[in-house]
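Read-outs throughout are calculated quantities, based only on the coordinates presented, and are distinct from any laboratory measurement. If you're wondering where the values come from, they're calculated on a predicted model, not measured in any experiment. Positions of Cβ are generated from backbone atoms using ideal geometry, with glycine treated the same way; all protein chains shown enter the neighbour counts.
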Amino acid sequence: MTDSDEKLEKKEYREESHLEISLEAPPQSALGESTVGLGFMSSDEIMNALAKAQVTEKFFDLLVKPTSFKEFLDGLMLPLVQALKCEAASLLEWDKRNKLYFFRSVVGPASEKVAQFQIPEGKGIVGRIGQTRKAEIVHRASDEAQPTGHLSQIGASIGFTSNEILAVPVLIRGELYGVVEVINRTDGQVFRDEHLKLLCEFCAIMAKALEVRFMLGRKAA
């Protein structure tokens, strides 16, 4: 074997070895059922990330469409209901002048009837969230409801029972715009911390969408 043949053989060996290393499969432990190749996210984290991306896309799609303010807000609320798989949701706007909350957008049973109600400052779950500015999960909400409270009155008027509630304040530059309530999971299960976290993220995106809408001067009744 000549010197040139030996050098060629060593070069081919190195290339083959490099190729084998490149094609080596990743460790089995990195391919568990609850992980994926990028970021090793759990299945719940993947679903939440996808839901957030879809909601964000919908929010900003609405910003470029010529819609009334009600259509705009209904369009913001609907993807929340779909992403969180809940039976109903509402956005109650804070009326600072009259010291009450009114239903600006309702998605769910008898929405037009629900929209006729108003909630005084500091009353019920909505009033508490408005005062504390802190998001909450309320389990067995019907147990907390007072017979004369808005939750009982609304439920009785439309034949609907609120068992599980997520309630999150919507803040625009630190100022209270309103409160979002999400009611009852469609599978009958309880809301968990990850659902509340996701809704908080949605409400933060909603606040930005509202701010842009107001800056464009397109708020309408």
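Sum up the charges of everything whose Cβ sits under 9 Å from the Cβ of residue 184, counting Lys and Arg as +1 and Asp and Glu as -1, but leave residue 184 out. In short, -1. Legend: residue pairs 58/208; 96/123; 113/197; 70/208, Cα-Cα distance threshold 20 Å; pairs beyond threshold, 113/197. Summing charges over neighbours of residue 107, with a neighbour being any other residue whose Cβ is under 11 Å away from its Cβ, gives -3 when K and R count +1 and D and E count -1. Taking the Cβ of residue 58 as the center, what net charge do the other residues with Cβ under 12 Å away carry, scoring Lys and Arg +1 and Asp and Glu -1? Around residue 58, the surrounding residues sum to -1. Note on segment 43-215: with charges restricted to the Cβ of Lys and Arg (+1) and Asp and Glu (-1), its dipole about the Cα centre is near 500 debye.
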